[in-house]
Amino acid sequence: MKQGTTGQARVHVNAPPEKVYDLVSDVTRMGEWSPETVKCEWIDGASGPAVGARFKGTNKRKFARWSTKPTVVAASAPHEFAFATKETRWTYRFEPAGGGGTELSESFEMIEDVPLFVVLGERLMGIKDRKADLERGMQQTIDRIKRVAEGSA
């Protein structure tokens, strides 16, 4: 994917923004809801969401396994939580909604072009449209967060 490519998914959650933010910003739980992330753990002495904190994300898709070491770039409870790798910025926003609920969105923005070897690897895994694939994965992720936040998980 090219620099500047973006994508987004949204869902209404019947839980307050503070609760949803706390779930999302606890990256150690990401493996519970992401279709690609197996686990995340704070590294370099970090123990929670703060700007500059780093974590290691371990991912799996079919035969491929890889890890990333994102840095938290926004931790503004209960409004925004974001982290970035070299290529991609991932952002979660928590907007208050009627009845004490939350409009939760997850988005990505390509900060720089994805290397050719990554694109070739995606093709080998059967991914023809990575933007659409990421949007499907984000929707699955936030739908799972919704279930947990609403207590039906």
- Query: Which residue out of Val38, Val13, Val27 is touching a helix residue (DSSP H, G or I) at 6+ places or on another chain (Cβ under 7 Å), surrounded by 19 or more Cβ atoms within 10 Å (Cβ to Cβ) and modelled with pLDDT of 95 or more?
  - Reply: Val13
- Query: Being in a strand (DSSP E or B) and either within 20 Å of Arg130 (Cα to Cα) or without any contact (Cβ under 8 Å) to a residue 24 or more places away in the chain (or both), is that true of even one residue in the stretch 15-34?
  - Reply: no
- Answer with yes or no whether Thr58 is part of a strand (DSSP E or B), surrounded by 14 or more Cβ atoms within 10 Å (Cβ to Cβ), in contact with a Lys or Arg (Cβ under 6 Å, 6 or more places away or on another chain) and among the hydroxyl-bearing types (Ser, Thr, Tyr). yes
- Message: Checking Trp42 against (1) aromatic (Phe, Trp, Tyr); (2) in contact with a Lys or Arg (Cβ under 9 Å, 6 or more places away or on another chain); (3) closer than 20 Å to Gly137 by Cα, only one condition comes out false. Which one?
- Response: (3)
- Taking Ser105 as the residue in question, decide whether it is among the polar types (S, T, N, Q), at pLDDT 90 or above and buried (at least 16 other Cβ atoms within 10 Å of the Cβ). yes
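The values are calculated or read from the model by the stated rules, or taken from the named source; none is laboratory data. Computed from a prediction, not measured in an experiment: that's the story for all the values here. Cβ: placed from backbone, ideal geometry, glycine included. Neighbour counts: every protein chain shown.
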